[in-house]
Amino acid sequence: VQLQASGGGLVQAGGSLRLSCAASGSSFSIYGMGWYRQAPGRQREMVATITSGGSTNYADSVKGRFTISTDNAKNTVYLQMNSLKLEDTGVYYCLANIADLGVNWGQGTQVTVSS
């Protein structure tokens, strides 16, 4: 199973970006998907996760600003990021928890928020 992330870029503080991550490969079942991020010099941290049933979990720092959603038919997870702050800058990684395979990570996509 491969995860392909897209949608990162450079945006001014207060702006918005939408990240996408599509899972592809042979037949598989996804238990849940999510996004983590890693800022320079910092550990990777959870941003948001969503289960196959639609239950969501957000880091306190992004609650009310970010929204995670999925298109189950397309095996795709989205992260709508609004009211971006400088501290949201980092490499964003998508992940999928796949039956019999465990957690799979996608390549990172850079998000840079400028003042």
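The values are calculated or read from the model by the stated rules, or taken from the named source; none is laboratory data. Only a predicted model underlies this, so the values are computations on that prediction, with no experimental measurement involved. Every residue, glycine as well, gets a Cβ built from its backbone with ideal geometry; the counts of neighbours run over all protein chains shown. Areas reflect the complete protein model, heavy atoms only, side chains present, ligands, DNA and RNA absent. Shrake-Rupley method; radii C 1.70, N 1.55, O 1.52, S 1.80 Å.
For segment 31-63, the tally of residues that are farther than 22 Å from GLY7 by Cα and assigned to a strand (DSSP E or B) stands at 1. Filtering segment 91-103 to residues that are within 20 Å of GLN43 (Cα to Cα) and without any contact (Cβ under 8 Å) to a residue 40 or more places away in the chain leaves only VAL103. Every listed requirement among (1) open to solvent by 50 Å² or more (accessible area, probe 1.4 Å); (2) of a type in the set (Ser, Thr, Tyr); (3) under 10 Å from the mean Cα position of the chain (by Cα) is met by TYR31 save one, (3).
None of LEU19, LEU10 is of a type outside the set (Asp, Glu), at pLDDT 95 or above, touching a strand residue (DSSP E or B) at 6+ places or on another chain (Cβ under 7 Å) and under 20 Å from ASN104 (Cα atoms) except LEU19. Each residue in segment 57-84 was checked for being out of contact with any strand residue (DSSP E or B) (no Cβ under 6 Å at 6 or more places or on another chain) and open to solvent by 50 Å² or more (accessible area, probe 1.4 Å), and 9 pass. Only residues that are assigned to a strand (DSSP E or B), touching a residue at least 60 places away in the same chain (Cβ under 8 Å) and of a type in the set (A, V, I, L, M, F, W, C) were counted in segment 76-90, giving 2.
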